[in-house]
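This report refers to the structure that appears directly beneath it.
Laboratory data are not the source of any read-out in this text; all were calculated from the coordinates shown. None of the values given here were measured: they were computed from a predicted structure. Every residue, glycine among them, receives a Cβ derived from its backbone with ideal geometry; neighbour counts consider all protein chains shown.
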Amino acid sequence: MVDPKALFSFSYGLYVVGTEFEGKLNAQVADAVMQLTSSPVCLAACLNKANYTAELLAKGGRFSISVLSEDAPMPFIGVFGFRSGRVFDKFANVAPDAWHKSDGVPVVTAHSVAAVEAEVVKVEDVETHMLFIGRVTSASVLSEARPLTYADYHKVKKGKSPANAPSVIFNSVS
Ligand SMILES: Cc1cc2nc3c(=O)[nH]c(=O)nc-3n(C[C@H](O)[C@H](O)[C@H](O)COP(=O)(O)O)c2cc1C
C-alpha cells in the first residue's frame, strides 16, 4: 500500500524549467527538482517524457531553473504548468520583462527568487519520466522574497498537479 500522505511529507519547492533547441523556446513548472552535489554543483530535474520541455531539453542539453516565489500568481503558474508548449507559445503569453534569454535559453525572472543555468551531464530513464542531471554554470539571487513550497501551493493557493507531474498523487491529499 502506498499512502500519498507519506510522500506528501517530503518537502518540495516549485520551479520553472526553461530550455531551447534550434530556436524553439519552452519552459514548464516542476516540483521534482533538487541539488545533488556542491563541487561541482549538480542538480536534477525529473520531467515527463510527454512534455515538450523534456523533448527539447533531451536535444538541446541546456536548461534554466527559476525558483518561484510565494507571490507567484496562479495564472502565471498556469501558463507554465497547465499548458503545453506544443500548442501554446508560453513566452508570447507572459510579459516581455518576465524573462530573458541567456545563450539562447529562456530564463524566467518574474515571481522568482533565484535562477540557475545548467548543462546536462546525464539523463536517466525513470519509468514515465526522464531525470536530467545538470552541472550548474551560473546561479544568481533575484529577490529576497520567500520561495514557494509545493505544500503552500497545495494548501494556501489550493493548487493541483496535472496528470504528468510526479506530484499528481498528492491531489488526493487534503
Ligand atoms: C505544481 C505543479 C508541479 C509540477 N511538477 C512537475 C514535475 O515535477 N515534472 C513534470 O514533468 N511535470 C510537472 N508538472 C507538469 C508540467 O508543468 C505540465 O505538464 C506542463 O504543461 C508541461 O508543459 P510542456 O509540454 O510545455 O513541457 C507540474 C505542474 C504543476 C502545476
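Summary of computed values
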quantity: Two-site FRET efficiency, Ala92 against Lys59, from Cβ-Cβ distance with R₀ of 25 Å, rounded to 0.05; calculated: 0.70
quantity: When the convex hull of its Cα atoms is projected in every direction, mean area for the chain (nm²); calculated: 9.9 nm²
quantity: Ellipticity estimate at 222 nm from DSSP helix runs (n ≥ 4, -39,500 (n - 2.57)) divided over the chain, nearest 500; calculated: -4000 deg cm²/dmol
quantity: Label point at Cys42 placed 7 Å out along Cα→Cβ; residues across the range 105-136 whose backbone nitrogen lies under 20 Å; calculated: 116-127, 129-136
quantity: Listed peptides 103-109, 52-58 by packing density, highest first (mean Cβ within 10 Å); calculated: 52-58, 103-109
quantity: Under 5 Å, built H, 5+ apart or other chain: amide partners of Arg62; calculated: Glu20, Val120
quantity: Amide H partners (placed H, <5 Å) of Ser69, local residues excluded; calculated: Ser112, Val113, Leu148
quantity: Per-peptide average of other Cβ atoms within 10 Å, ordering 156-165, 35-44, 78-87 highest first; calculated: 78-87, 156-165, 35-44
quantity: Formal net charge of residues neighbouring Glu20 (Cβ-Cβ distance under 13 Å; K, R +1; D, E -1); calculated: 0
quantity: For the range 25-31, Karplus couplings with θ = phi - 60° (6.51, -1.76, 1.60), whole Hz, Gly/Pro x; calculated: 9, 7, 7, 9, 6, 8, 9
quantity: For Val126, distant residues with modelled amide H under 5 Å away; calculated: Leu131
quantity: Pairs of lysine residues in the chain - Cα separation under 23 Å, sequence separation of 8 or more or cross-chain; calculated: 20
quantity: The chain, relative contact order [Cα under 8 Å, separation at least 6], %; calculated: 28 percent
quantity: Inter-site label distance for Lys24 and Ile169 at 7 Å from Cα along Cβ, in nm; calculated: 3.1 nm
quantity: Note, ³J(HN,Hα) from phi for the range 131-146, Karplus 6.51, -1.76, 1.60, rounded to Hz, x at Gly and Pro; calculated: 9, 8, 9, x, 9, 6, 9, 7, 8, 8, 7, 10, 7, 8, 5, 7
quantity: In order through the range 39-54: 3J(HN,Hα) via Karplus (6.51 cos²θ - 1.76 cosθ + 1.60), integer Hz, x for Gly, Pro; calculated: 9, x, 6, 10, 9, 9, 10, 9, 10, 4, 4, 7, 6, 4, 4, 4
quantity: Virtual spin-label span in nm between Asp71 and Glu144, 7 Å along Cα→Cβ; calculated: 1.3 nm
quantity: Local net charge near Asn164, Cβ-Cβ under 15 Å (Lys/Arg +1, Asp/Glu -1); calculated: +1
